[in-house]
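Working notes for the structure below.
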Amino acid sequence: MINYNELKPGVVFILDGEPYEVLEFNFMRMQQRKPVAQTKIRNLISGKILSRNFAHTESFEEAEIDFKKVKFLYSHRDRFVFCDIQNPSGRFELPVEVVGDKAKFFKPNSEVEVISFKDKIINIKLPIKMDFKVVEAPPAIRGNTAQGGNKIVTIETGAQVAVPLFINEGDIIKINTQTGEYTERIEKGK
């Protein structure tokens with residue numbers, strides 16, 4: 001059992017039958033009142049973030065969360081096919097509801113991490129930064145810097161990303177998969 005004052009950032013516990021991860025923890029004690037733990041927690045199934053206070057009498061069950069590296073193979077009609085890294089024949093599918101908007105950054109044969117709770121896959125974790133090839137980029141028009149010098153390009157997975165004007169078709173760029181933002185150009189296209 002986890003006591004209320006052990007809810008440090010990164011701790012995963014069960015609340016109302018669902019796993020939650022602590023993002024922020026602040027211990028608060030006001031005069032002549034009982035101490036309270038102010039937390040910001042994320043539901044690992046739905047991804048919703050809540051602000052919640054816990055009293056000193058509360059305790060929680062520790063969540064058994066498993067992390068496993070797998071390889072993304074391909075997608076077909078809102079189904080995403082993955083395989084075990086050590087056992088390529090051990091394939092499994094996940095629906096679009098589990099994958100969510102992370103699907104726009106899936107490249108064939110890329111490694112991702114699946115998060116399981118009670119032997120059921122509840123979420124997918126991508127590497128924070130990944131490299132992608134720009135497949136479609138409008139030309140940069142000289143003097144077009146009124147919007148801060150950005151343009152929208154299409155990367156190899158079909159996702160659209162705002163990038164600086166100097167990015168062209170064929171360039172390899174690095175994207176932060178958590179925010180969906182451009183971070184740097186890795187290689188200039190030929």
message = Which condition from (1) loosely packed, with under 13 Cβ neighbours inside 10 Å; (2) under 21 Å from the mean Cα position of the chain (by Cα); (3) under 24 Å from Val112 (Cβ atoms) is the one that His76 breaks?
response = (2)
inquiry  = Between Pro138, Pro95, Pro164, Pro127, which is surrounded by fewer than 12 Cβ atoms within 10 Å (Cβ to Cβ) and either at negative phi or in contact with a helix residue (DSSP H, G or I) (Cβ under 7 Å, 6 or more places away or on another chain) (or both)?
reply    = Pro95
note = Only one of Thr154, Thr183, Thr177 is in contact with a helix residue (DSSP H, G or I) (Cβ under 7 Å, 6 or more places away or on another chain) and β-branched (Val, Ile, Thr), namely Thr177
Count - residues of segment 175-190 that are of a type in the set (Ser, Thr, Tyr) and not in a loop (DSSP other than H, G, I, E, B) = 2
request  = Look through Lys133, Lys102 and report the one residue that is within 15 Å of the chain's Cα centre (by Cα) and either more than 30 Å from Glu21 (Cα to Cα) or not aliphatic (A, V, I, L, M) (or both).
outcome  = Lys102
Strands (runs of 3 or more DSSP E) enclosed by segment 44-98 - at least 2 residues per element that are under 30 Å from Glu6 (Cβ atoms) = 49-55, 59-62, 65-76
message = Where the second residue is loosely packed, with under 12 Cβ neighbours inside 10 Å and the first is more than 27 Å from Glu111 (Cβ to Cβ) and lies in segment 53-82, which pairs have Cβ atoms under 7 Å and are six or more apart or on separate chains?
response = Ala55/Lys34; His56/Lys34; Ser59/Met1; Phe60/Met1; Glu61/Met1
request  = Test each condition in (1) closer than 30 Å to Phe132 by Cα; (2) among the aliphatic types (A, V, I, L, M); (3) modelled with pLDDT of 90 or more for Leu50 and report the one that comes out false.
outcome  = (1)
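Residue-wise test of (1) closer than 28 Å to Phe82 by Cβ; (2) touching a residue at least 60 places away in the same chain (Cβ under 8 Å); (3) outside the structural domain of Ile45 (by TED's automatic domain parsing).
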position: Phe117; (1), (2), (3): yes, yes, yes
position: Val134; (1), (2), (3): yes, no, yes
position: Ala137; (1), (2), (3): no, no, yes
position: Asn150; (1), (2), (3): no, no, yes
position: Gly158; (1), (2), (3): yes, no, yes
position: Val161; (1), (2), (3): yes, no, yes
position: Ile172; (1), (2), (3): yes, no, yes
position: Ile175; (1), (2), (3): yes, yes, yes
ask   = Do you know which of the residues in segment 9-39 that are farther than 25 Å from Lys120 by Cα and charged (D, E, K, R) is surrounded by the most Cβ atoms within 10 Å (Cβ to Cβ)?
value = Glu24
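The values are calculated or read from the model by the stated rules, or taken from the named source; none is laboratory data. Note that the structure is a prediction, hence the values are computed from the model and not measured. Glycine gets a Cβ as well: all are built from the backbone with ideal geometry, and neighbour counts include every protein chain shown.
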